[in-house]
Amino acid sequence: MGGGVVAAPVRWDRAAPYKARGASSCLSIFSPASLLPFRAMASAKTYVTKFKSFVILFFTPILLLPLIILVPDKPWKATLPGTKAPPPHRQRAPSPYEAGMQSGAFQASELSPQFARCAYVVILMAIYWCTDVIPVAVTSLLPVLLFPLLKVLDSKQVCVQYMKDTNMLFVGSLIVASAVERWKLHKRIALRMLLFVGTEPSRLMLGFMSVTAFLSMWISNTATTAMMVPIVEAMLEQMVATNAAVDTCQGTVELSDKDKAGEFPGNQVIFEDLSVQKQEDEDTKNMYKAMNLCVCYAASIGGTATLTGTGPNVVLLGQMQELFPDSKDAMNFASWFGFAFPNMLMMLVLAWLWLQGFYMRSKLKASCICCGLKKRNNEKVAYKVLQEEYRKLGPLTYAECNVLFCFVLLIILWFSRDPGFVPGWLSIAWVNGNTRYVTDATVAIFVAILLFIVPSQKPKFNFSSQTEEEMKTPFYPPPLLDWKFTQEKVPWNIVLLLGGGFAMAKGCESRSIGIHPLYVMIPCTMSASLAFMLPVATPPNAIVFAYGHVKIIDMVKTGFIMNCIGIASVFLSVNTWGRSIFNLDDFPDWANSTRINT
């Protein structure tokens, strides 16, 4: 008798005691009448799912209307409608608050309608972004329509936010990234990194986060993310292909061994393979999410380590010099680095542990319980597959060399433009007082234009030895990029997404003066860079979201804990080593006077 015949009675014998106790009476619980409530719940869930988008799209603006209706269009007046103002001799002197209102020192009553209308637009956009009832790019255009209609901002003020300097930096960086992708340079870099680091996901993630954080310390977070994500994508594709090759080889051996031994019935093997395949597909999706999110999170975290690493840090330095001209060297490159670099390292490690635990738990468990021999065999097969894939690429082509040259040129120009601790090439001819004519966006667009000029093939100068067909071809070869490829590759909808975020931020602008300068300004500056929950929160988040592996709900769930990690880390760093570095316990003399009239 075969092995399958012996195994069948064992499974039925396990159920025999339940039959003896009257299992048939237990099954009577699940009669058609008893299942009616469950069917009703399933039907209700189906209808909710069916009409969810319709309800959110049309009823959300209606439900939010009280924010606009209940707030008056004009500030309140002292006299009621239909009554006359008292004569001059009976009018009382205005209170300090009323005097401030008349002089314009306080504008709370005038700003309250604008605040409510702006809140209406912000809440509506947040709901639409989180639920995806309409495309994200279309939601990003709502400020262009609603802000002028609701008298929050005029149309010119809103529209200019959609093509700011940061947007051009984003476009230039993505054009450079598209050139890297077109000529498969990112695949070559990915394979070399895989051969050097290995195929273990946790080590890869930590490596990517470290490199991204280091680069974002010196160059734009947006540019760093736009260049690192294509490399991550190529590496993940190679890892998935390598794992598939290993599974195919091992699956063939295991199935042949099982057939020879006759240990399991054929149907059971099929069911086990399907469940294992489903789990592996889920693990692959989670790995894509974790690897993409680790890059944008590391870019935002790394940018906080230097004064020039991210926009809020530069704004902080400028505001310190403007508001407190006597502060001098209270904050400089060295003091900020000594404070922010340890905080960056702490956050980077905590983020790595959180992403590992949230998205890659199953892989951690599998690596703990798997056999050492099998793990070594997997690594050997994977290494051979990677070597073969790298061999197929062949030697570096002329186009790859030119793309690599442009890529390195971009990084060098970003590094050396205005390092902060030494004068950069910006100071040679592009600084006039407080005006700096060249930014990172200028450099990005310069290299992007260069990619449409630099040839992809070597020009041929030997005219005498050319054939008749070669003589008909133009002397100057095709460039590295053409517009048709670029417009298909660059996610232009994310440009609108960023513009919508900038427009929304412009509508929410307000002014405030802190009590203690650095004790308030440092946490606000650090926190402004640690926004992880929405694609529109930072350009790195938007870039990762554009690749389609991460949904908004994934970013919300992961980013909420990341925000908590950021708050805890900033609170700890400011109240420990930050106190001694910036002497926060003593109120400085230079903070007694400012250039702002209050």
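Annotations for the structure displayed:
- Of the residues making up the stretch 418-451, those that are outside any loop (DSSP other than H, G, I, E, B) and touching a residue at least 24 places away in the same chain (Cβ under 8 Å) are D440, A441, V443, A444, I445, F446, V447, A448, L450, L451.
- Inter-residue pairs, beta-carbon under 6 Å, first closer than 17 Å to S216 by Cβ and in the stretch 339-356, second aromatic (F, W, Y) and assigned to a helix (DSSP H, G or I), 6+ apart: A351/Y297
Conditions (1) touching a residue at least 12 places away in the same chain (Cβ under 8 Å); (2) hydrophobic (A, V, I, L, M, F, W, C); (3) open to solvent by less than 40 Å² (accessible area, probe 1.4 Å); (4) closer than 27 Å to S456 by Cα, marked per residue:
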| position | (1), (2), (3), (4) |
| --- | --- |
| L174 | yes, yes, yes, yes |
| A179 | yes, yes, yes, yes |
| I189 | yes, yes, no, yes |
| R192 | yes, no, no, yes |
| F196 | no, yes, no, no |
| R203 | no, no, no, no |
| G207 | yes, no, yes, no |
| A213 | yes, yes, yes, no |
| W218 | yes, yes, no, no |
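- Of all the listed residues (F333, F324), the sole one being touching a Phe, Trp or Tyr at 6+ places or on another chain (Cβ under 8 Å), more than 26 Å from I543 (Cβ to Cβ) and at pLDDT below 70 is F333.
- Residue list for the stretch 193-216, filter: basic (K, R) and modelled with pLDDT of 80 or more: none
- Answer residue from the stretch 138-165, given it is within 28 Å of the chain's Cα centre (by Cα), more than 15 Å from P61 (Cβ to Cβ) and not hydrophobic (A, V, I, L, M, F, W, C) and is surrounded by the fewest Cβ atoms within 10 Å (Cβ to Cβ) among those: D165
- Within the stretch 403-422, the set of residues being under 22 Å from G303 (Cβ atoms) and over 27 Å from the mean Cα position of the chain (by Cα) comprises F421, V422.
- Close pairs (9 angstrom Cβ cut-off, 6 or more residues apart or separate chains): more than 19 Å from L348 (Cα to Cα) in the stretch 570-582, part of a helix (DSSP H, G or I) and hydrophobic (A, V, I, L, M, F, W, C) anywhere: I581/W336; I581/F339; F582/A330; F582/F339; F582/L518; F582/I522; F582/V574
Conditions tested, residue by residue: (1) at pLDDT below 80; (2) within 24 Å of T397 (Cα to Cα); (3) β-branched (V, I, T).
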{"position": "V447", "(1), (2), (3)": "no, yes, yes"}
{"position": "K460", "(1), (2), (3)": "yes, yes, no"}
{"position": "M471", "(1), (2), (3)": "yes, yes, no"}
{"position": "D482", "(1), (2), (3)": "no, yes, no"}
{"position": "E509", "(1), (2), (3)": "yes, no, no"}
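- Tally, over the stretch 132-156, of residues that are over 17 Å from N493 (Cα atoms), assigned to a helix (DSSP H, G or I) and at pLDDT below 90: 0
The values are calculated or read from the model by the stated rules, or taken from the named source; none is laboratory data. Bear in mind that the values here come from a model prediction, so they are computed numbers and not experimental data. Cβ coordinates were reconstructed from backbone atoms using ideal geometry, including for glycine residues, and neighbour counts include every protein chain displayed. Side chains are part of the model used for accessible areas, which takes the heavy atoms of the whole protein and leaves out ligands, DNA and RNA. Shrake-Rupley method; radii C 1.70, N 1.55, O 1.52, S 1.80 Å.
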